[in-house]
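Please treat every number below as a calculation from the coordinates, not as lab data. Quick caveat: nothing in here was measured; it's all calculated off a predicted structure. FYI the Cβ positions are ideal-geometry reconstructions off the backbone, even for glycines, and counts take in every protein chain you see.
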């Protein structure tokens, strides 16, 4: 199968290309590069501005929404199946995490993801269109270095523990609980859906929630480090999700 992976230089994109390449003919594309043609069986669209603190709405709309719409329409015209990355951030401060639960996007990033979901599901396409709401994706080693402040807590805590022996966690982190999903599970999900003919949107998580404090303590034990609490930055206070936990009923039924 010939596959184009957008965002191939990103954290998830690098892992996707690595997993697919031994079996499939994979080409990568990143924003700003020359688009590498249209001769593909499938596009896996991962590329996006993923920063939840980005405030340039026009920039986010151009890259996350406008380009995604163009790419989907182009794939539909040419008969190329389409998978795309969405985000659990669309649930916002909600407490239910089913694919048909109310949404509550709180940032330009979350809005861009939800708007494209709406567009992708607003029409009957002539191709497969499969979207995945990633919960908190993390990896091991240095694979998240380029993400900076947007790296997962697992990565940031590990780096802090190794570099200074102290892990900074926000005050109240014992009550902030998220569904942390390893990047390998995300990649496996995309591969499993190569054999699924259905279009739609699915959660990708573990179905379990863990507090940031628990994550920090695990890392602290591993590296013999200490934890210290710091105030939460004001820019995060109104949009910070206190709890996420993927309802996996739909994806389990699809893949059964």
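With contacts taken as Cα pairs under 8 Å at a separation of at least 6 residues, the range 1-89 carries a relative contact order of 31 percent.
Stokes-Einstein diffusion for the chain, with the hydrodynamic radius set to the Kirkwood value over Cα pairs and evaluated at 4 °C in a medium of 1.567 mPa s, equals 68 µm²/s. Suppose R0 equals 41 Å; then what is the FRET efficiency for residue 103 and residue 39 from their Cβ-Cβ distance, rounded to the nearest 0.05? After rounding to 0.05, the efficiency reads 0.70. To the nearest ten degrees, helix 212-223 and the longest principal axis of the Cα atoms of the chain are 70 degrees apart. Look at 177, 106 and count the other Cβ atoms within 10 Å of each Cβ; fewest to most, that gives 106, 177. When only Cα pairs below 8 angstrom with a gap of at least 6 residues are kept, the chain shows a relative contact order of 19 percent. As a calculated quantity, the FRET efficiency between residue 199 and residue 164 at R0 = 45 Å, using C-beta atoms, amounts to about 0.40.
Across the range 31-155, Cα-Cα pairs farther apart than 24 Å form 33% of the total. Global dimensions of the range 148-233 from alpha-carbon coordinates: Rg and Dmax equal 16.0, 49 Å.
Based on DSSP H segments of at least four residues, each scored -39500 (n - 2.57), the chain has a per-residue ellipticity at 222 nm of -9500 deg cm²/dmol. Here each label is just a point 7 Å from Cα along the line to Cβ, and for residue 206 and residue 51 those points are 2.9 nm apart.
For residue 125 and residue 18, the difference between the fully extended length at 0.36 nm per residue and the C-alpha to C-alpha distance is 35.6 nm.
Over the C-alpha trace of the range 106-252, radius of gyration and Dmax come out as 17.4, 55 angstrom. For the range 27-175, the relative contact order is 22 percent, taking Cα pairs closer than 8 Å that sit 6 or more residues apart in sequence and dividing their mean separation by the residue count.
The modelled label-to-label distance for the pair residue 174/residue 118, using points 7 Å beyond Cα in the direction of Cβ, is 4.0 nm. Peptides 169-175, 79-85 ranked from most to least packed, by the mean per-residue count of other Cβ atoms within 10 Å: 79-85, 169-175.
What shape does the range 1-95 take by its C-alpha gyration tensor, where a ≥ b ≥ c are the square roots of the eigenvalues and a/c under 1.5 counts as rounded, a/b above b/c as prolate, and the rest as oblate? Prolate, because a/c is 1.5 or more and a/b exceeds b/c. Rounded to the nearest 10 degrees, the angle from helix 11-20 to the longest Cα principal axis of the chain is 50 degrees. For a test of the definition: using alpha carbon positions, the gyration tensor, and the 1.5 limit on a/c, classify the range 198-256 as rounded, prolate or oblate. It is oblate, given that a/c is not under 1.5 and a/b is not larger than b/c.
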